[in-house]
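The values are calculated or read from the model by the stated rules, or taken from the named source; none is laboratory data. Because the structure is a prediction, the values reported are computed rather than measured. As a convention, Cβ positions derive from the backbone with ideal geometry for all residues, glycine included, and neighbour counts pool all protein chains shown. With ligands, DNA and RNA removed, areas are computed over all heavy atoms of the protein, side chains included. Shrake-Rupley method; radii C 1.70, N 1.55, O 1.52, S 1.80 Å.
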Amino acid sequence: MVKVLAFSGSGRRQSYNQRLVAIAAAGAHRAGAEVTLINLQDLNLPIFNEDEEAEQGLPPGAVGFKRLLRQHDGWLIACPEYNSSITPLLKNAIDWASRPEPNGAASPFRGKTTILMSASPGQLGGLRGLFHVRDILYNLGTIILPQQRSLTHADLAFNDHDQLQDEAQQEAFLNLGRSLVNYLERT
């Protein structure tokens, strides 16, 4: 069975991106995947600092995140846009997870497959930030599928049940999860 990890780069309560990635995760689940949905805020990662790493090693949250990245075949990532770029929460998690391990274990990014998405109250839906996330993950060896989507006017898009009010949009984000599972099943 294909295993999919889903998370967003937002730690905000009622985050549009966390709600959006949950929809894509539901699509992956419906396609037959085992899905794990996490909130990066729960990792309690300190700001990355090589001095701290040298003195104390990887923090427990980083070790756990790396384990999750490795245990899953693919990832669904929703990326808020902060000042046209990646959020500090997501960048910090990636920085910690990209650190080499003393035992020489392979990077948890190399060869993994992901689909990116974003949501924003703005007219571009967080699209500009996805370019930065794509570059970072690509440089770490991640395979990024082209089916990315951005949700504009996210502040008006969700109903009281955390689903998208527009049925076509709801189906499009469910399809992101299905697309990832279909790709992983073929490879």
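Less than 13 Å Cβ to Cβ from Val63, Lys/Arg counted +1 and Asp/Glu -1: what total charge do the surrounding residues give?
Residues near Val63 contribute +2 overall.
Of the DSSP beta bridges with both residues in the chain, give the percent that are antiparallel, rounding to the nearest 5. So the antiparallel bridges amount to about 10 percent of the total. Simple rule: put +1 on each Lys or Arg Cβ and -1 on each Asp or Glu Cβ in the chain, find the dipole, and look at Ala106, Gly9, Leu43; the Cα lying farthest toward the positive end is Ala106.
Less than 5 angstrom separates the built amide H of Ile143 from those of Gly111, Lys112, Thr113, Thr114, all sequence-distant by 5 or more or on a different chain.
Other residues with beta-carbon under 12 Å from the beta-carbon of His29 carry, at +1 per Lys or Arg and -1 per Asp or Glu, a net charge of +2. Please give the helix 167-186 orientation as an angle from the longest Cα principal axis of the chain, in degrees from 0 to 90, rounded to the nearest 10. Orientation of helix 167-186: about 40 degrees from the principal axis. Counting charges near Asn17 (Lys, Arg +1; Asp, Glu -1) among other residues having Cβ under 14 Å from its Cβ returns a value of +1. Computed from Cα positions, the angle between helix 127-139 and the longest principal axis of the chain comes to roughly 40 degrees. Accessible surface for the stretch 12-55, divided over its residues, is 58 Å² per residue with a 1.4 Å probe.
Give me the dipole magnitude in Debye, nearest 20, for the chain about the Cα centre, with unit charges on the beta carbon: positive for Lys and Arg, negative for Asp and Glu.
It works out to roughly 440 debye.
Computed from Cα atoms, the angle from the helix 16-30 axis to the main principal axis of the chain rounds to 80 degrees. Straight-line reach from Lys91: taking Cα to Cα under 18 Å and skipping same-chain neighbours fewer than 8 places apart, the lysines in range are Lys66, Lys112. Of the solvent-accessible surface of the chain, computed with a 1.4 Å probe over protein heavy atoms with every protein chain present, carbon and sulfur atoms account for 48 percent.
Taking 0.890 mPa s as the viscosity and 25 °C as the temperature, the Stokes-Einstein diffusion coefficient of the chain based on its alpha-carbon Kirkwood radius rounds to 149 µm²/s.
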